[in-house]
Amino acid sequence: MLTTLDFVLKLAHVIGATVLLGTGAGIAFFMLMAHLDGKPSVVAAVARIVVIADFLFTATAVVAQPVTGILLAHKLGYSLLEGWIVLSILLYVFTGAFWLPVVWMQMRMRDLAAAAAGNDASLPRAYHLLFRLWFAFGFPAFAAVLGIFWLMIARPSIAMWPSG
Ligand code: HEM
């Protein structure tokens, strides 16, 4: 039976997971739509909002998720050395390694698009290069988050440490 505290922790943890995946998917969609539209003013406006959303929602969830996860593990009696938890933490760090540069890329794309819009110019080559990189970085990050969802739900027994 879950106690009220267990329930609140789990609720916070599941909401955090939803925010991480939902904000990531939403940002990817809106950035892609703005890019396909191609107008520098549209790209600049969307990227400006995306950067705010990433700082407000993703960054908060990124910090809160391991905190609620570790508290949950403690409350429910899991060791942090269990295979599915170790693997999740490794995948989490892996995702973060792709997410941090993405945040920088979004700020750079916002600035390049705003400058182009201000000069009545088209989106510069540097923007297009960054967009391609930004797009490519999304795939491993999303795959890793889906992997974490699977590990959290299935909680497979994975032997991480040689016995004996
Ligand atoms: C980074 C450190 C993390 C730790 C230590 C951790 C730990 C845990 C623990 C102990 C549970 C409860 C398992 C149970 O009910 O028996 C749980 C559930 C869950 N976690 Fe995590 N977690 C972490 C990160 C994440 C991340 C990054 C996500 C997704 C983005 C996530 C998504 C979930 C979900 C959806 C559940 C509910 C699974 C279910 O009830 O079937 N967790 N986590």
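The values are calculated or read from the model by the stated rules, or taken from the named source; none is laboratory data. Keep in mind the model is a prediction, meaning the values are calculated, not measured. Note: ideal-geometry Cβ built from the backbone for every residue, glycine included; neighbour counts use all protein chains shown.
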Qualifying residues in the range 70-84 (those that are touching a Leu at 6+ places or on another chain (Cβ under 8 Å) and touching a residue at least 12 places away in the same chain (Cβ under 8 Å)) - the one farthest from LEU20 (Cα to Cα): LYS75
Positions within the range 94-131 being within 16 Å of the ligand (Cβ to nearest atom) and aromatic (Phe, Trp, Tyr), in sequence order: PHE94, PHE98, TRP99
Qualifying residue in the range 123-142 (condition: part of a helix (DSSP H, G or I), hydroxyl-bearing (Ser, Thr, Tyr) and within 27 Å of LEU20 (Cα to Cα)): yes
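Every residue, every condition in (1) of a type outside the set (Lys, Arg); (2) in contact (Cβ under 8 Å) with a residue 40 or more places away in the chain; (3) in a helix (DSSP H, G or I), yes or no:
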residue: PHE7; (1), (2), (3): yes, no, yes
residue: LYS10; (1), (2), (3): no, yes, yes
residue: ALA17; (1), (2), (3): yes, yes, yes
residue: LEU21; (1), (2), (3): yes, yes, yes
residue: MET31; (1), (2), (3): yes, yes, yes
residue: LEU36; (1), (2), (3): yes, no, yes
residue: VAL51; (1), (2), (3): yes, yes, yes
residue: THR68; (1), (2), (3): yes, yes, yes
residue: ALA116; (1), (2), (3): yes, yes, yes
Some residue of the range 72-86 being of a type in the set (Asp, Glu), over 13 Å from the mean Cα position of the chain (by Cα) and either on the phi < 0 side of the Ramachandran plot or not in a helix (DSSP H, G or I) (or both): yes
Checklist (1) over 26 Å from MET33 (Cα atoms); (2) in a helix (DSSP H, G or I) applied to ARG108, failing item: (1)
In the range 132-161, the residues that are in contact with a helix residue (DSSP H, G or I) (Cβ under 8 Å, 6 or more places away or on another chain), among the β-branched types (Val, Ile, Thr) and either modelled with pLDDT of 95 or more or within 11 Å of the ligand (Cβ to nearest atom) (or both): VAL145, ILE148
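Hey, among LEU76, LEU91, LEU81, which residue is touching an Asp or Glu at 6+ places or on another chain (Cβ under 7 Å) and within 15 Å of the ligand (Cβ to nearest atom)?
Working: LEU91 fails: touching an Asp or Glu at 6+ places or on another chain (Cβ under 7 Å); LEU81 fails: touching an Asp or Glu at 6+ places or on another chain (Cβ under 7 Å).
Checking each option against the conditions leaves just LEU76.
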